[in-house]
Structures are given as C-alpha cells and as structure tokens.
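Notes follow once the structure below has been shown.
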Amino acid sequence: MEQQLDLTKLSESDKKELNQVLTNEAQKSNIQQTVHHLNEVCWEKCITSKITSGTLDKSEEACAQNCVDRWMDTSLSILSKLDSMRGGPGH
Amino acid sequence: MSSLFGSGSAAPIQTSEEIKAAVMRQLQQEAAMSNARSLIGKINKHCFKACVPTPGTSLSAKENTCLSSCMEKYIAMWNTTSKTYITRVGVETKRLGGQDAAAIASMATGMPEGGGGIMG
C-alpha cells in the first residue's frame, strides 16, 4: 500500500490544491471526532432501556436530537459567559 | 486499481497529476479508516456494557442478538447525531455572519451514507 511518492515533482498549483484538500480533511476529521464524542454522551443519556431493536424509536430519536441541541446551547452559553467575564466588570 | 496495493514491479508514479491523485487517495483512505476505527471502538465499549452485563464462558445467543441490534442502533444514532450537529453548526454560523459556510458545506460530505456506508 505504501508508495514512494516524490513530492518534489508536484507542481505549484497541485501543491496548493493538496493543501486545500488536507485542510478540508482535517476539518472533516475534527467534526467527526466531535460527533463521536457527542454520540457517546447522548447514547448514555438516551438509550436507557433494554436494546431490542436495531433502529431508534421515536422517543430515542427525539432525545438524541434534543441532546445534541442542548449540548450546543451549553457550549454557547459557556462561551458567552466566558466572554463577559473576560470583558471584566468595567465592560 | 491493482497499483493501489503497490506490488514492487508497478511503474513509479511520474507526473504531478498522478502524485497528487495518489496522495489524495491515501489521505482519504486513512481518514475513512481512522473514523471507522473510532466508531468500532465506541460500539465495542457501549454495546459490551449494554449487552454483556455478566460475562460467562461464552456469548449467549441472546447476547449475540443484543450486540447486533446494539451495533445497528449505535450507527443509527451516530447518523442522527451527525445530522443534528451539522445542521446546528450551519444555523449558528449563519447567525454569526456566515463566513465559514464553505467549510460547513464540506463537513456535510463527511457523513456516512446510511448505516453500512461508514464501513465502506
């Protein structure tokens, strides 16, 4: 699977394009990591009864969606709180 | 496709275009593999917890059935989580001025299509 790739042979425009692709992939990977983390948190909160089916029932689906949205609310709330603290009392 | 598995006799890649394509392919493969590995690890952790409360000398038929449902359920939930999260990030980005709309759009393509897609 490993190939010897002579990166010095890349043209400037291809280098630029690869750079962009790399940036996008890194961003995608970040998002996926966040989704993995969120899914873990929400799985523990929402899947509380015995597992009898391979699909989400209505209440589990709703719980999963609420869980993600409330987690985002929490994150935004903390950020805005921090922001006002940084501004200090004189702000 | 056979050159992908790099038998030593394959002709060395020459042009910039070919090198770029090979790097991109490798990058995407490694990213997909890393994502799948994370998912498998988490399924293992959570489904073991949910389906095998007291480990016996072997997995019972019931435990096996539970594991298979659990795996499907975990992936179903992953897809819901991903969709909800990406939608929300899009909403927030727009609210904050939408500078990063292109980046958000590129995230959406990272979603596995359906349950089986993530393993592909």
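Seen against the Cα atoms of chain A and their longest principal axis, helix A:12-46 is set at about 20 degrees. For a straight C-alpha distance cut-off of 20 angstrom, the lysines reachable from B:LYS42 (same-chain residues fewer than eight places away being disregarded) are A:LYS28, A:LYS45, A:LYS50, B:LYS73, B:LYS83.
A simple spin-label model places pseudo-atoms 7 Å from Cα toward Cβ; at A:ASN66 and A:LEU5 they are separated by 4.7 nm.
Round to the nearest 0.05 the FRET efficiency obtained for B:GLU92 and A:LYS16 when R0 = 25 Å and r is the Cβ-Cβ distance. Walk me through the intermediate numbers first.
Values: r = 30 Å, r/R0 = 1.19.
Efficiency, rounded to the nearest 0.05: 0.25.
For the pair region A:29-79 and region B:19-71, the centres of their Cα atoms are 18 angstrom apart. Sequentially through region A:69-86, phi angles give Karplus couplings (6.51, -1.76, 1.60; θ = phi - 60°) of 5, 6, 5, 5, 4, 4, 4, 5, 5, 5, 4, 6, 5, 4, 4, 6, 5, 5 Hz, Gly and Pro residues having no value and appearing as x.
Quick check: with the 1.4 Å probe, what order do A:ASP14, A:ASP57 take by accessible area, largest first? The partial results should precede the final answer.
On the way: A:ASP14 15, A:ASP57 75 Å².
Sorted by accessible area, descending: A:ASP57, A:ASP14.
To the nearest 10, the accessible area of B:MET33 is 110 Å² with a 1.4 Å probe.
Look at the stretch B:22-30: the mean tally of other chain Cβ atoms within 10 Å of its residues' Cβ atoms is 4. Modelled this way, with points 7 Å down the Cα-to-C-beta line, the labels at B:THR15 and B:THR57 are 6.5 nm from one another.
May I ask for the net charge around A:SER53, where only other residues with Cβ less than 13 Å from the Cβ of A:SER53 are counted and Lys, Arg are +1 while Asp, Glu are -1?
Working: positive: A:LYS50, A:LYS58, B:LYS73; negative: A:ASP57, A:GLU60, A:GLU61, B:GLU72.
With Lys, Arg at +1 and Asp, Glu at -1, the net is -1.
Using the Cβ of B:CYS51 as centre and a radius below 13 Å, the other residues enclosed give a net charge of +3, where K and R count +1 and D and E count -1.
Close amide-amide hydrogen proximity is noted between A:GLY54 and no other residue 5 or more places distant or on a separate chain, at a cut-off under 5 Å (H modeled in the peptide plane; Pro and chain starts excluded).
Among the trypsin sites (Lys or Arg not before Pro) found in chain A, those both in a DSSP coil and sparsely packed, with 12 or fewer other Cβ atoms within 10 Å of their Cβ, are A:LYS50.
The values are calculated or read from the model by the stated rules, or taken from the named source; none is laboratory data. The structure presented is a predicted model; accordingly, all values stated were derived computationally and were not measured. Backbone-built Cβ (ideal geometry, glycine too); neighbour counts: all protein chains shown. Surface accessibility is based on the protein's heavy atoms, side chains included, excluding ligands, DNA and RNA. Shrake-Rupley method; radii C 1.70, N 1.55, O 1.52, S 1.80 Å.
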